[in-house]
1. Does VAL55 satisfy the criteria of being of a type in the set (A, V, I, L, M), under 11 Å from the mean Cα position of the chain (by Cα) and surrounded by fewer than 14 Cβ atoms within 10 Å (Cβ to Cβ)?
2. Mind telling me which of the residues ASP11, ASP25, ASP30, ASP49 ends up being among the acidic types (Asp, Glu) and closer than 16 Å to VAL70 by Cβ?
3. Can you tell me which condition LEU29 does not meet? The list is (1) out of contact with any Pro (no Cβ under 9 Å at 6 or more places or on another chain); (2) surrounded by 14 or more Cβ atoms within 10 Å (Cβ to Cβ), and all the others hold.
4. Which number in (1) of a type in the set (Gly, Ala, Ser); (2) within 10 Å of the chain's Cα centre (by Cα); (3) closer than 18 Å to ALA69 by Cα marks the one condition that GLY44 misses?
5. Give the stretch 1-34 a look and list any residue that's part of a strand (DSSP E or B) and hydroxyl-bearing (Ser, Thr, Tyr), or say none.
6. Checking the structure you have, find out if any residue of the stretch 35-50 is surrounded by 16 or more Cβ atoms within 10 Å (Cβ to Cβ), β-branched (Val, Ile, Thr) and outside any helix (DSSP H, G or I).
7. Please work out which residue is surrounded by the most Cβ atoms within 10 Å (Cβ to Cβ), limiting yourself to the stretch 1-26 and to residues that are of a type outside the set (Ser, Thr, Tyr) and under 23 Å from GLU72 (Cβ atoms).
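Coordinate-derived values only; no laboratory data. Treat the numbers as computed from the prediction; the structure is a model and nothing was measured. Here Cβ is always computed from backbone atoms with ideal geometry, including for glycine, and neighbour counts include all displayed protein chains.
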Amino acid sequence: MTEVSAYESEDGPDSDGCGGETCYDWRYLDGNLCPVPGADCLHGYSNIDRRIPYVKERFRKCHETVARAVREKK
């Protein structure tokens, strides 16, 4: 399984001119580059967002779903 990201949008900079971020849609794909059943598309998160606790939890849950799918396939 592979975690992939695709460009989604950009947040503009804050009022001080700093803080602009590029956001991505994150997915897990199997060896045939097909979405893993049951694994959500995580929509519109930047690399900085991934440090936020509730976002980290979403990625962790998605990873667990993918890991379970891999184990069940074997």
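1. no
2. None of the others qualify; the one that does is ASP30.
3. Answer for LEU29: the failing condition is (1).
4. Here GLY44 meets the rest and fails (3).
5. THR2, SER5, TYR7, SER9, THR22, TYR24, TYR28, listed by residue number.
6. yes
7. Among those residues, the one meeting the criterion is TRP26.
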